[in-house]
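> Before I ask anything, here is the structure I am working with.
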Amino acid sequence: LTTRHDLARWRGELGDAAGAAAAFAEVLADRERVLGSDHPQTLTTRHDLARWRGELGDAAGAAAAFAEVLADRERVLGPDHPQTLTTRHDLAHWRGMAGDTFGTSAALAETLEAMERLLGRDHPRTLAARADLALWRGKTANAAWSVHAYGELLDDMLRVLGPEHPDTLATRDSHANWRGTSGDAEGAAAELAELLPDQEHVLGADHPQTLMTRHSLARWRGEAGDADGAARALAELLEDMVRVLGPDHLRTLAVRLDHAHWHGEAGDIAGAAHLLGKLLEDMVRVLGPDHPRVVTARQELRWRETGAGEPG
């Protein structure tokens, strides 16, 4: 069961969220039968299953599942157990993904205080909580605070984890993106251009995080004024996304949306509208007609078809 659990986790980390969720559901049924519902390993599988359900797009369902796991971990392991603290962290994160941005920031601040007290400021889980707090504080329209927080966190990650640790690379990516969000598109693009070869070296060219950095780099180059370069970079990235993650993966669809956007910004309004029309059909099929990304694609398509205003 432990091997099957680990295989399910790596399946998700490599981009197959649906496969990971299905595998964790199977492992959970067997662990409940063999070990019982309160066994720590059973609770761990429930925790991981909740995460990958969230990664599939059901943020509210993930938050509800994490709330149930948290109650059971507090009862079985105690409120100060490291695994309980991890579940508190993830519950706050997925509540934010479900829309409660301000509540998430407050919950993460409380969780971080407990982690620093119980685990220490340099513990990997504490560092992860600091990263999430920086993310959600930024989403409350405090981008400048997030740039500063990610900068401090990066210094600590370099000291504790080293420059090639995946979490250090992810923090560099986040710092660059919040720098762009705060208004410095050129600086964000420059940071991401430096990060990309390090990710390719450590993680590989086809790793999902490497692909996401290429996506962000194209975006900030576009925001810095190079719409044509952004469109070309996204066209190249799209081929790799389809090959690695598949045509219906959420991140592939996101790249298609940005590719169409920057195609239009580069001057080809009709071509952008054509790309968006085809994309919208696929997004409705995969996500349903009311998904927020479908709404965004519709707004972008209407804007391109009229050729006026700004997309909502």
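The values are calculated or read from the model by the stated rules, or taken from the named source; none is laboratory data. Since the model is a prediction, treat every value here as computed from it, not as a measurement. Virtual Cβ from ideal backbone geometry, glycine too; neighbours counted across all protein chains shown.
> Go through ALA273, ALA231, ALA254 for me and flag whichever is in a helix (DSSP H, G or I), touching an Asp or Glu at 6+ places or on another chain (Cβ under 8 Å) and within 22 Å of ALA188 (Cα to Cα).
Of ALA273, ALA231, ALA254, the one residue that is in a helix (DSSP H, G or I), touching an Asp or Glu at 6+ places or on another chain (Cβ under 8 Å) and within 22 Å of ALA188 (Cα to Cα) is ALA231.
> Take the residues in segment 1-31 that are over 26 Å from the mean Cα position of the chain (by Cα) and of a type in the set (A, V, I, L, M, F, W, C), then tell me which one is farthest from PRO166 (Cα to Cα).
This residue is ALA29.
> If you don't mind, another one. For segment 239-250, check the following and say yes or no: at least one residue is among the acidic types (Asp, Glu), in contact with a helix residue (DSSP H, G or I) (Cβ under 8 Å, 6 or more places away or on another chain), in the same structural domain as TRP303 (by TED's automatic domain parsing) and not in a helix (DSSP H, G or I).
Yes - at least one qualifying residue is present in segment 239-250.
> Let me ask something additional. Of everything in segment 107-125, what is under 23 Å from the mean Cα position of the chain (by Cα) and buried (at least 16 other Cβ atoms within 10 Å of the Cβ)? Give them in sequence order.
Selection gives ALA107, LEU108, THR111, LEU112, MET115, HIS123, ARG125.
> Kindly establish whether ALA205 is outside any helix (DSSP H, G or I) and aliphatic (A, V, I, L, M).
yes
> Out of VAL69, VAL27, VAL76, report the one residue that is crowded, with 16+ Cβ neighbours inside 10 Å, farther than 19 Å from LEU7 by Cα and either touching a residue at least 40 places away in the same chain (Cβ under 8 Å) or touching a Ser or Thr at 6+ places or on another chain (Cβ under 6 Å) (or both).
Just one listed residue meets the conditions, VAL69.
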